[in-house]
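Asker: Below is a structure I'd like to ask you about.
The values are calculated or read from the model by the stated rules, or taken from the named source; none is laboratory data. Quick caveat: nothing in here was measured; it's all calculated off a predicted structure. Methodologically, a virtual Cβ is constructed for each residue, glycine included, from the backbone with ideal geometry; neighbour enumeration extends over all protein chains shown. Ligands, DNA and RNA are stripped out before the accessible areas are found, and what is left, the full protein with its side chains, is counted by its heavy atoms. Shrake-Rupley method; radii C 1.70, N 1.55, O 1.52, S 1.80 Å.
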Amino acid sequence: MQAYEKILLIGAKGMLGTDLMREFEADSNYSVVGTDISDFDITKENQVRDFIKKNKPDYVINAAAYTDVDKCEEDKDICNKVNGQALQYIAKACRDENAILVHISTDYVFDGLKAEGYKEEDRIDPVNQYGASKALGEKMVRENMEKHYIVRISWLFGKNGKNFVETMLNLAKDHKELKVVNDQHGKPTYTVDLAKALKILIETKPAYGVYHLPNEGQTTWYDFAMEIFKNVGKDINVNPCTSEEFPRPAKRPQYSILINSKLPKLRSWREALKEYLSK
């Protein structure tokens, strides 16, 4: 008789997926199967259905996504397939196998106009293609199954992928001066903390629905950068600039502050950053 819960983790080799694998593999109460594109293609319905049916998981965690926000503006088709349409296939397969789906979404589903931030039930209205594709993914989950958790996160950083912290540190190697946007506001999220929180979510089994799980404390990209350099003792001239001074293909929401009103709050992003940089 199975004495553990079986987790199927989609996107296991990504920045979040790597820490999720580590978190669940360390606990004998779980059996975790990690997958990536070489195992099956989430944009192919038959492959999704067959893989989930074969493995019969208790939970499916979808940490796979097309996350290059600017490239999404060019690659709208593949962006919508990976972040949007694929969730119809995953949700249907989970429903058919009676598996619970934990789907990772984003702060970019919001328009960024609310300075006070966004609660879980606030209306979504994305301002770029990445956000629109993730909003479509949420819709596909809600429409195709009941047993789901949609978990929105923001400004993700972790050891196993490209992120803002490493970008700043790398730029500082070759530049004595940097310009960083100071009019976009959000909450950084550390993959290690998020992985632990998602495991607790599965263990405590709250009501199905939408949850926000960033680290606590809001900031701007400029202040985030300043905190990074302060922690590593790097003396570099960082100048604040506006979004208009740093044009990108995809518009960013000005305020994408996620308010966690339902779950135990994570520690401050400053504490998380300090730990990240000490490893």
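Asker: Determine the share of the chain's accessible area contributed by carbon and sulfur atoms, expressed in whole percent, with a 1.4 angstrom probe.
Answerer: Values: 6250 of 12980 Å².
Result for the chain: 48 percent of the exposed heavy-atom area is carbon or sulfur.
Asker: May I have the count of lysine pairs in the range 180-279 with C-alpha atoms under 20 Å apart, counting pairs 8 or more residues apart or located on different chains?
Answerer: For the range 180-279, qualifying lysine pairs total 20.
Asker: Going by amide H atoms built from the backbone, whose H comes under 5 Å of the H on S31, apart from near neighbours?
Answerer: Correct list: E5, K6, I7.
Asker: Which length gain, in nm to one decimal place, applies between N98 and N170 when the Cα-Cα distance is subtracted from 0.36 nm times their residue separation? Walk me through the numbers before you get to the answer.
Answerer: On the way: separation 72, 0.36 × 72 = 25.92 nm, distance 4.52 nm.
Result for the pair: 21.4 nm of gain on full extension.
Asker: State to the nearest 20 debye the size of the charge dipole of the range 229-279 about its Cα centre, where the only charges are +1 on K and R beta carbons and -1 on D and E beta carbons.
Answerer: Numbers: 11 positive and 5 negative charges, 61 e Å.
The calculated dipole for the range 229-279 is roughly 300 debye.
Asker: Calculate one ³J(HN,Hα) per residue across the range 144-150 by plugging θ = phi - 60° into the Karplus curve 6.51 cos²θ - 1.76 cosθ + 1.60, and present them in order as whole Hz with x for glycine and proline.
Answerer: 10, 7, 9, 7, 9, 10, 9
Asker: Specify which residue in the list F246, L8, Q218 is farthest towards the positive end of the charge dipole of the chain, using unit charges on the beta carbon of Lys, Arg (+1) and Asp, Glu (-1), about the Cα centre.
Answerer: Of the options given, the answer is L8.
Asker: Continuing with the same structure: Using θ = phi - 60° and the Karplus form 6.51 cos²θ - 1.76 cosθ + 1.60, what ³J(HN,Hα) does each residue of the range 264-274 get, whole Hz, x for Gly and Pro?
Answerer: x, 6, 6, 5, 5, 5, 5, 4, 4, 4, 4
Asker: Would you mind checking which residues have amide H under 5 Å from L258's amide H? H placed 1.01 Å from N; only 5 or more apart, or other chain.
Answerer: Y118, K187
Asker: Among L263, S133, Y118, pick out the residue whose Cα is farthest towards the positive end of the charge dipole of the chain, where Lys and Arg carry +1 and Asp and Glu carry -1 on C-beta, about the Cα centre.
Answerer: L263
Asker: Next question. List, in order, the whole-Hz ³J(HN,Hα) value for each residue of the range 177-189 obtained from phi through the Karplus relation with A = 6.51, B = -1.76, C = 1.60 and θ = phi - 60°; use x for Gly and Pro.
Answerer: Once rounded to whole Hz, the list reads 9, 9, 10, 10, 4, 10, 10, 10, 10, x, 10, x, 10.
Asker: Moving on to the next point. Just name one of S28, V151, T18: the one whose Cα is farthest towards the positive end of the charge dipole of the chain (beta-carbon charges, Lys/Arg +1, Asp/Glu -1).
Answerer: Checking the options against the dipole of the chain, the answer is S28.
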